[in-house]
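Here the structure comes first, spelled out in structure tokens, and everything after it is commentary.
The values are calculated or read from the model by the stated rules, or taken from the named source; none is laboratory data. Bear in mind that the values here come from a model prediction, so they are computed numbers and not experimental data. Methodologically, a virtual Cβ is constructed for each residue, glycine included, from the backbone with ideal geometry; neighbour enumeration extends over all protein chains shown. These accessible areas exclude ligands, DNA and RNA; they are computed on the full protein's heavy atoms, side chains included. Shrake-Rupley method; radii C 1.70, N 1.55, O 1.52, S 1.80 Å.
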Amino acid sequence: MASNQRYSALQWAVFALLVSVGLVAAKMVAFFLTGSSAILSDALESLVNIVTSGFALFAVWLSAQPRDREHPYGHGKIEYLSAGIEGILVIVAGIVIMAVSGWRILNPPELHSLGLGAALTLISAVISGAVGAYLMKVGRVLESPSLEADGVHLRSDAVTSLGATLGVFLVFITDIVVIDAIVAGLLAIWLLWEGFGVVRRAVGGILDEASPDLLNEIAEVLEEVREEGWTAPHHAKVHRLGQTIHIDLHMVFPRYWTIEETHEASVIMERAIRRRFGAKAELMVHMEACRPQGCASCDMSECPLRESEFSGRDAWTGERIALSVRHK
Ligand SMILES: [Zn+2]
Ligand SMILES: [Zn+2]
Ligand SMILES: [Zn+2]
Ligand SMILES: [Zn+2]
């Protein structure tokens, strides 16, 4: 993969943008030649793509800027705003195409140069499919979620283009013009579906929607470095910050430990979190002093204050660390 790394994620993103511009130009030409609404819907979706790729470029750059006095949690959330706008634009494109194809089912227009139109959209489909798949690979190697998303989008564009090609080709061989508008309507439904999915994920990121998988992964990391005397992790909350995360967690320690000892424990946990989630990830541990109710599940071997026998450590799972109380 060395050849991929000669160029940065930003350079690849610019390349993706240029490819999208070329594709829209080709599809617009195909639309003006044929008058096909299936091709129009394909072109509109690619146009939305260009606008959003441009904003995504800005978001990737801003999101990578380090935290500052005005933005103590960094700038990662901008990526969710970028994704949200993208989703809304895709939905708007879907609604417009819906209306156009509805009108055209009732008033079928005349279509021209269908063979040429089908050829142009087929070529676009092949190009966006190939470039999209390659960008997904590069995005994974360079660990850039935005670039990977660009690739996914281009590849799904190929699906729309194939749909448009099929519609135009069917009209070409059957001469039933209404097929074109019906195919456009189907493409619009696909766009609405895609757009709602993107908006939903963006809202999830903005509202810090809890992710059971992420909580389980965090619990697993903590369990790996767990030491004697660390008990009852609870109240875990995860802020999602684009490419990184901020975790708040309550943890109970023996009440006779010094601040130095408990702080050392929190540093060990934060290092483990950074090894798993990247150098920018943060873990904020709220330290609590143990109470006698916790003795049964506390493995402190030489505890001067123990009031009941140790009966076994509790397993640290995503569910456990998200509890709103120390003990169930
Ligand atoms: Zn700032
Ligand atoms: Zn607590
Ligand atoms: Zn500290
Ligand atoms: Zn104890």
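The residues of the chain present an accessible area of 51 Å² per residue when probed at 1.4 Å with all protein chains retained. The figure for Glu224 is an accessible area of roughly 130 square angstrom, using a 1.4 Å probe on the protein chains alone. Computed with a 1.4 Å probe on the full set of protein chains, the accessible area for Asp248 sits at about 40 Å². Modelled spin-label separation between Arg271 and Leu10, with each label point placed 7 Å from Cα along the Cα-to-Cβ direction: 3.3 nm.
In whole percents, the pair-distance distribution calculated for the stretch 174-244 from its alpha-carbon pairs, binned every 5 Å from zero, is 3, 12, 14, 13, 11, 9, 8, 7, 6, 5, 5, 3, 2, 1, 1, 0.
Evaluate 2.2 N^0.38 Å with N set to the residue count of the chain, then give the Cα radius of gyration divided by it.
Ratio of Cα Rg to 2.2 N^0.38 Å: 1.35.
Using the alpha-carbon positions of the stretch 20-78, Rg (one decimal) and Dmax (whole number) come out as 17.6, 55 Å.
Summarising the strand pairing of the chain, around 45 percent of its internal DSSP beta bridges are antiparallel.
For the stretch 1-160, the square roots a ≥ b ≥ c of the C-alpha gyration tensor eigenvalues yield an a/c of 1.5 or more together with a/b not exceeding b/c, which makes the shape oblate. Computed over the alpha-carbon atoms, the stretch 212-321 gives an Rg to Rh ratio of 0.98, Rh here being the Kirkwood radius from the mean inverse distance. Surface composition of the stretch 2-206: carbon plus sulfur atoms hold 74% of the accessible area, using a 1.4 angstrom probe and ignoring ligands, DNA and RNA. Among beta bridges identified by DSSP and lying wholly in the stretch 212-321, the antiparallel ones come to about 45 percent.
How large is the translational diffusion coefficient of the stretch 233-285 in µm² per second when you combine the Kirkwood radius over alpha carbon pairs with Stokes-Einstein at 20 °C and 1.002 mPa s? Provide the component values of the computation, followed by the final result.
Working: Rh = 11.7 Å.
Once the numbers are plugged in, D ends up at 183 µm²/s.
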